Number of protein chains: 2
Amino acid sequence: MIATTPKPPYYAVIFSNIRTDVDEGYAEMAGEMVRLAEQQAGYLGHESVREGLGITISYWTDTEAIRKWKANTDHLLAQQYGREKWYSAYKTRIALVERDYGFEL
Amino acid sequence: MIATTPKPPYYAVIFSNIRTDVDEGYAEMAGEMVRLAEQQAGYLGHESVREGLGITISYWTDTEAIRKWKANTDHLLAQQYGREKWYSAYKTRIALVERDYGFEL
């Protein structure tokens, strides 16, 4: 569940969000966006957790890959529904991962 | 619950983790680490969520602030216990937030 990512540098898109109580199509669209993202050039992986606050982090090779994903037609529709129905607030942060380290039992 | 952060650039430390089933002192230490981090120079805020996978993101002014926090004596002990008892796996990513945008109802 922790994304396997290559040696830095690479990019992280941190999407922190709070949902409304509107469910209408949300789970289907969220699943569809994961499938679509995984097919995009430059996609490296993602991690997604919700506990009231939701955090989804997707990892990308470069900013051009992120730009293309943001401009994907189906994703644009999901973004519009997100603002209209599903989210009461969100913040997106685009960040260059400079180094990483980890541990596994 | 979404951290209020200044205009970029600033840094994000993304800590993705999976817990063991050992609870021994974990919640107390986690709370204490939040209190300690908030007192550190250069601390900007944090977001923390667990749903099986845990993601805690702390935001910092610069890498020097992150380095000092990582080397804090009490935090070093928490990191040691983390590897010995509480986590079965984690990954820490240090990332420069280059831009951000958001939405709020």
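The values are calculated or read from the model by the stated rules, or taken from the named source; none is laboratory data. The shown structure was predicted, so the numbers you read here are calculated from the model rather than taken from an experiment. Every residue, glycine as well, gets a Cβ built from its backbone with ideal geometry; the counts of neighbours run over all protein chains shown. Quick note on the areas: whole protein, heavy atoms, side chains included, nothing else; ligands and nucleic acids left out. Shrake-Rupley method; radii C 1.70, N 1.55, O 1.52, S 1.80 Å.
The mean count of C-beta atoms from other chains within 10 Å of the C-beta of residues in A:45-57, rounded to a whole number, is 5. What separates the Cα centres of segment B:1-78 and segment A:56-105 is a distance of 21 Å. Look at the stretch B:78-91: the mean tally of other chain Cβ atoms within 10 Å of its residues' Cβ atoms is 2. Measuring nothing but label to label, 7 Å from Cα along Cα→Cβ, what are residue A:70's distances to the other copies in nm, shortest first? Going from nearest to farthest copy, the values are 2.8 nm.
In what sequence, highest mean first, do A:25-31, B:11-17 appear when ranked by Cβ atoms within 10 angstrom? Before the final figure, lay out the partial values.
Values: A:25-31: 13.1, B:11-17: 22.3.
Answer by packing, highest mean first, reads B:11-17, A:25-31.
Using the Cβ of residue A:5 as centre and a radius below 11 Å, the other residues enclosed give a net charge of +1, where K and R count +1 and D and E count -1. Only protein heavy atoms count here; on that basis, with a 1.4 Å probe, residue B:23 has an accessible area of about 100 Å².
Need one value for B:4-14: mean number of C-beta atoms belonging to other chains within 10 Å of its residues' C-beta atoms.
On the way: counts 1, 2, 0, 0, 3, 2, 2, 3, 7, 0, 9.
Across B:4-14, the average partner-chain Cβ count within 10 Å equals 3.
Computed from phi, the 3J(HN,Hα) profile of segment B:100-105 under the Karplus parametrisation 6.51, -1.76, 1.60 (θ = phi - 60°) reads 8, 7, x, 7, 8, 5 Hz, with x in place of Gly and Pro.
With the cut-off at 1.5 for a/c, could you classify segment B:10-97 from its C-alpha gyration tensor as rounded, prolate or oblate? Provide the component values of the computation, followed by the final result.
Details: a/c = 1.89, a/b = 1.45, b/c = 1.31.
In terms of gyration-tensor shape, prolate.
Using the Cβ atoms and a cut-off under 14 Å, what net charge is assigned to the surroundings of residue A:22, where Lys and Arg are +1 and Asp and Glu are -1?
Working: positive: A:19, A:83, A:85; negative: A:21, A:23, A:24, A:28, A:84.
Overall, the nearby charge balance is -2.
Kindly sort A:61, A:5 by accessible area of their heavy atoms, largest first, with the probe set to 1.4 Å.
My answer, sorted largest first, is A:61, A:5.
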